[in-house]
Amino acid sequence: MADPRFFKRAGPFSLKDLADIIHADLVLPETMADNQLFDDVAALSEAEENHVSFLDNKRYIKQFSQTKAGAVIVHPDFQDRRPEHCACLVTKKPYRGYALIAQTFYPENSIDACFHETAIIAENAQIGSSVTIGAYAVIEDGAVIADDVKIGAHAVIGAGVEVGAGTEIGPHASLSYCIVGKAVLIHPGVRIGQRGFGFTMDPEGFVKVPQLGRVIIEDNVEIGANSCIDRGAGPDTVIGAGTMIDNLVQIGHNVQTGRGCVVIAQAGIAGSTKLGNYVVIAAQGGVSGHLALGDGARVAAQGGVMRDIPPGQTVGGSPAVPQRDWLRQSAWLNKMSKKKGPLENG
């Protein structure tokens, strides 16, 4: 259960209302009606009779069969394992169902629009309606802030930056040379628009190449804490709509991602690489520069990509190869490492 000091709970909600929200079928014990009220969500192992839980992984079937939860969101394949006292909200997407119901119990906190007295706002900055600006935040010359934007304490919005409606910018984030879309979530410490890592290598001394592009963040993107997105060298760096970027991710200059990409913690994408739609790069994955990853391509954790990846292919290892080859190589190395060599035989 969520700590009430940090999370404000709504409700209670009836079982029927919750089922309607996620378009689930109800399976009820004889002692329960669909107007039964529930007031919170909880894990299977912690839930009580007034809580809603969920089962999305067969590893937790035992916990499901023993849970005290009054209702569980569950896939049709597992509903017959429910305890007798438990109602089931049956859906083929139980985790999605849980997410929607959890959002219902814990809606986004609404904060009254205000400018903190210590915020520094340039006279020619354009500020929309219902905007919140936190303590010591800085809005520089010519910045354009649309309606319903939230800017956290100590954040810096650079000269000329545009921020779309409903976007939230966390404390200590800094934005420069960028255009940010609508409903973007930027977590604390994010850096967007700093100069790209571009220079000529020469024995007489390195010469920096001017980075004259921007960063374009499309709508509904999320950028995790302390991630960095460099501005383009000439063409723009572009983050496609609906992309999810985890914490501590580095995205180089001129990178372009398609819609709905997922880039997980500590991954890095070198300059001028292009990702298609719905590409996934797992934790600590690395992608070399000037490559193309097709729609739906996937890179396993710690994968090192040094060549183009065709659409739909999953790769792993370093250098990354198709997943089946990578697993075969790993199995062969494991087998060979167990064989006794000349030194082991004496």
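Each reported figure results from applying straightforward, stated rules to the coordinates on display, with no laboratory input. From a predicted model like this one, the values you see are computed outputs, not experimental measurements. Cβ atoms come from the backbone with ideal geometry, glycine included; neighbour counts cover every protein chain shown.
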Query - Under Karplus coefficients 6.51, -1.76 and 1.60, residue-wise ³J(HN,Hα) of segment 231-245 in Hz, glycine/proline x - result: 6, x, 7, x, x, 7, 7, 10, 10, x, 4, x, 6, 10, 10
Query raised in the report: Peptides 118-127, 74-83: what's the order by average Cβ count within 10 Å, highest mean first?
Result: 74-83, 118-127
Report summary line: Once the in-chain neighbours fewer than 8 apart are removed, the aspartates and glutamates whose Cα is under 18 Å from Lys8 read Asp39, Asp40, Glu108, Asp112
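Residues with beta-carbon under 12 Å from that of Asp219, excluding Asp219: net charge, scoring Lys, Arg +1 and Asp, Glu -1?
Surrounding charge for Asp219 is 0.
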Query raised in the report: What is the set of long-range amide H partners of Asn254 at a cut-off below 5 Å, with H atoms built 1.01 Å from backbone N?
Result: Gly232, Ala233, Thr237, Ser272
Query raised in the report: Tally Lys and Arg at +1 and Asp and Glu at -1 over the other residues with C-beta under 15 Å from the C-beta of Asp77: what net charge comes out?
Result: +3
Query raised in the report: From the square roots a ≥ b ≥ c of the eigenvalues of the alpha-carbon gyration tensor of segment 13-105, which class results: rounded (a/c under 1.5), prolate (a/b over b/c), or oblate?
Result: rounded
Query raised in the report: Which residues' amide hydrogens lie under 5 Å from the amide hydrogen of Val156, considering only partners 5 or more residues apart or on another chain, with H built in the peptide plane?
Result: Val138, Ala173, Ser174, Leu175
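Where Rh is the Kirkwood radius over the Cα pairs of the chain, the temperature 25 °C and the viscosity 0.890 mPa s, what D in µm²/s does Stokes-Einstein return?
106
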